[in-house]
Amino acid sequence: MNFEGNGKVTRVIRMGTRKSQLARIQTDSVAEKLKELYPDLQLEIVAMSTIGDKILDTALSKIGEKSLFTKELENALERNEVDLVVHSLKDLPTSLPPGFTIGAVLQRENPHDAVVLHPKNAGLTLDGLPEKSVIGTSSLRRAAQLKKRFPQLEFENIRGNLNTRLRKLDEKDDYAAIILAAAGLKRMGWETRISQVLGPEDCMYAVGQGALAIEVRARDRDILEMVSILHHPDTVLRCIAERAFLKQLEGGCSVPVAVYTEMKNSVLYLTGAVYSLDGSDCLKETMQTNIELDNKVPESAEENVHVGITANNISQTALDAAERLGVVLAKILLSKGAKDILTTARQLNDAR
């Protein structure tokens, strides 16, 4: 990319995205933000299908591939077919392939999960549904927490993109309700379908849920600099703590790990939990750390990557503190037996 003397980028920037409607909406929203910041920027959007989009009859946790929704996009990035890729941060593994980095984490949408009811159950909540009502979710994390909290309900797998899942809910009588991320529903303009947003006491969310991430080639300093202006510091620090927690636990899609983070008065709070598949076994702890936004700048670019995220414009001390918080909390849970719970969950899930 060439910056002319007047700060203008002189070549077309190609943005990679999944083909799903939600992915397109998310990518378009990032493109709009970039155009506002750089009015002369020329953007082209390149849409492609991923493994996760193609295999629709298998539970995500059974496919066992961590980069289900990202692999094809990263291949295109590696081959220089695209210059940046927009992802839901929760789809990105905590370790990225060599040569890639997350150059921006945008302000988080509501990270909580939402209940979408079958039209015949309008006006109810999970508590009010008849006993043995079937709830659809493709997430082991959601199912584990909700089984524990609502033992009278039954949970079954549902796959497909948002449009497909809503159609399965509305057109058949298989599910009394489905659980989806509130952020996705909001971005699709379907907020009116949300019957209930689940607070942390009912269901903590997935690592990175609700945040969009821009993945770039680490060597493309100009692109990295261009997108870094989109970083939202609070979101970055919360997501670094969450990702560090997950990475230390070695959790992925196939184990029930959940988090809840808050930033209040320069204190970052992280609650992390691991669950058995049926939710009966649970380890949960909360920790906090002071976040000091000083002006300490990283010595080198490499030193400034935190669980795959490069944020040169955010205080090094703050980034280090957020990452340390996640690591320490995970170590506490591991010392209390988290590894056994996760290993059993993984084995049971593989045996299904």
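The values are calculated or read from the model by the stated rules, or taken from the named source; none is laboratory data. Remember, it's a predicted structure, so these values are computed and weren't measured experimentally. Quick reminder, even Gly has a Cβ in these numbers, built from the backbone with ideal geometry, and neighbours come from all protein chains shown. Quick note on the areas: whole protein, heavy atoms, side chains included, nothing else; ligands and nucleic acids left out. Shrake-Rupley method; radii C 1.70, N 1.55, O 1.52, S 1.80 Å.
Some notes on this structure:
- When the range 90-146 is filtered for residues that are among the basic types (Lys, Arg), closer than 27 Å to residue 270 by Cβ and touching a strand residue (DSSP E or B) at 6+ places or on another chain (Cβ under 6 Å), the ones remaining, listed by number, are 141, 142.
- Residue, nearest to residue 221 (Cα to Cα), within the range 103-140, restricted to residues that are under 25 Å from the mean Cα position of the chain (by Cα) and in a helix (DSSP H, G or I): 140
- Filtered residues of the range 74-117 (kept if closer than 18 Å to residue 142 by Cα and not hydrophobic (A, V, I, L, M, F, W, C)): 88, 90, 91, 110, 111, 112, 113
- Candidates 143, 183, filtered to the one that is open to solvent by less than 20 Å² (accessible area, probe 1.4 Å), part of a helix (DSSP H, G or I) and under 30 Å from residue 344 (Cα atoms): 143
- Residue in the range 154-162 that is farther than 28 Å from residue 29 by Cα, part of a loop (DSSP other than H, G, I, E, B) and not basic (Lys, Arg) present: yes
- Within the option set 151, 200, being in contact (Cβ under 8 Å) with a residue 40 or more places away in the chain and either over 28 Å from residue 102 (Cβ atoms) or not in a helix (DSSP H, G or I) (or both) holds for one residue only, 200.
- Scanning the range 87-99 turns up no residue that is in the same structural domain as residue 167 (by the TED database) and surrounded by 21 or more Cβ atoms within 10 Å (Cβ to Cβ).
- Listed by position, the strands (runs of 3 or more DSSP E) enclosed by the range 219-299 that each have at least 1 residues that are assigned by the TED database to the domain that holds residue 314 and closer than 24 Å to residue 101 by Cα are 257-264, 267-275.
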